[in-house]
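Some notes on the structure that comes next.
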C-alpha cells in the first residue's frame, strides 16, 4: 500500500469517527476541499467496484459469451482502469459498436485462428490499435485472465490463452513478463 492509499484509508477512518473536513485537513496538511475530493473519489471507486461485481455476476449467470451487452456495461463490468480501459473503449468507439459480447472482447485481444499467423497482429489484434503496446496489451490479457466471467468464458479464454502462448514461443516472439505465468 503506497502513502496515498494509507492516507486515504486514514482519512476515511477519521471521517467515519466523526472528524470534520477541517480537522482531517489540518491533520494531514491539506485543505478541507482536498479532503472532500479524496472522500468523494473513494465513494466513486467503491460504487464502481460494486457495479462491476453486479455486472460480472450477470455475465457469469448468463454463461453466454456471445450475448450482446451495451458497450458501457461490458467496459464497466470488466473494471478496467487507465489505459487498458481507454484502449477497449476506443476500440469499440472507432467501430461504432453500441453492443458487444465477451467474445468480441476476446477477439480484440486474442484471435481465434486456424493456421499459424505470420504476423503477430493477426494473433493479437489489439496491437493494430494505435497506442496499444506490450504493457497495455499484457495488462488487458492478465486482467481478463483474473476475472470470473462464467464457465463458458473461462473455458474459451483458457483455450485462446494457451494457443497464444504456444504461438509466441513457437515463433520466438517476446512474451511479456506479466504473461509468462500463463506459459
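The values are calculated or read from the model by the stated rules, or taken from the named source; none is laboratory data. It should be emphasised that the depicted structure is a prediction, and the values quoted were computed from it without experimental measurement. Heads up, the Cβs are rebuilt from the backbone with ideal geometry, glycines too, and the neighbour counts pull from every protein chain shown.
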Study note, to complete from the structure: Scanning segment 11-35 residue by residue, the ones that are part of a helix (DSSP H, G or I), surrounded by 13 or more Cβ atoms within 10 Å (Cβ to Cβ) and in contact with a helix residue (DSSP H, G or I) (Cβ under 8 Å, 6 or more places away or on another chain) total 13
Practice item. Identify, by number, the condition in (1) more than 17 Å from the chain's Cα centre (by Cα); (2) in contact (Cβ under 8 Å) with a residue 12 or more places away in the chain; (3) on the phi < 0 side of the Ramachandran plot that residue 63 doesn't meet. Key: (3)
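Listed here are the residues, each with its yes/no results for (1) within 19 Å of the chain's Cα centre (by Cα); (2) more than 18 Å from residue 75 (Cα to Cα).
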position: 121; (1), (2): no, yes
position: 134; (1), (2): yes, yes
position: 138; (1), (2): yes, no
position: 146; (1), (2): yes, no
position: 159; (1), (2): no, yes
position: 165; (1), (2): no, yes
position: 169; (1), (2): no, yes
position: 174; (1), (2): no, yes
position: 181; (1), (2): yes, yes
Exercise for review: Scan segment 106-127 and report the pairs whose first residue is at negative phi and whose second residue is surrounded by fewer than 12 Cβ atoms within 10 Å (Cβ to Cβ) and in a helix (DSSP H, G or I), with Cβ atoms within less than 8 Å and a gap of 6+ or a chain change.
Suggested key: 116/170
Check your understanding: Which of the residues belonging to segment 150-159 are in contact (Cβ under 8 Å) with a residue 40 or more places away in the chain and surrounded by fewer than 20 Cβ atoms within 10 Å (Cβ to Cβ)?
Key -> 151, 152, 156
Review point. List, please: which pairs have Cβ atoms under 6 Å, are six or more places apart or on different chains, and start with a residue in segment 18-43 that is assigned by TED's automatic domain parsing to the domain that holds residue 6 and end with one that is in a loop (DSSP other than H, G, I, E, B) and surrounded by fewer than 16 Cβ atoms within 10 Å (Cβ to Cβ)?
Key: 25/31
Revision key, fill the gap. Residues of segment 169-180 being closer than 17 Å to residue 136 by Cα and either in contact (Cβ under 8 Å) with a residue 60 or more places away in the chain or part of a helix (DSSP H, G or I) (or both), in sequence order, are 177, 178, 179, 180
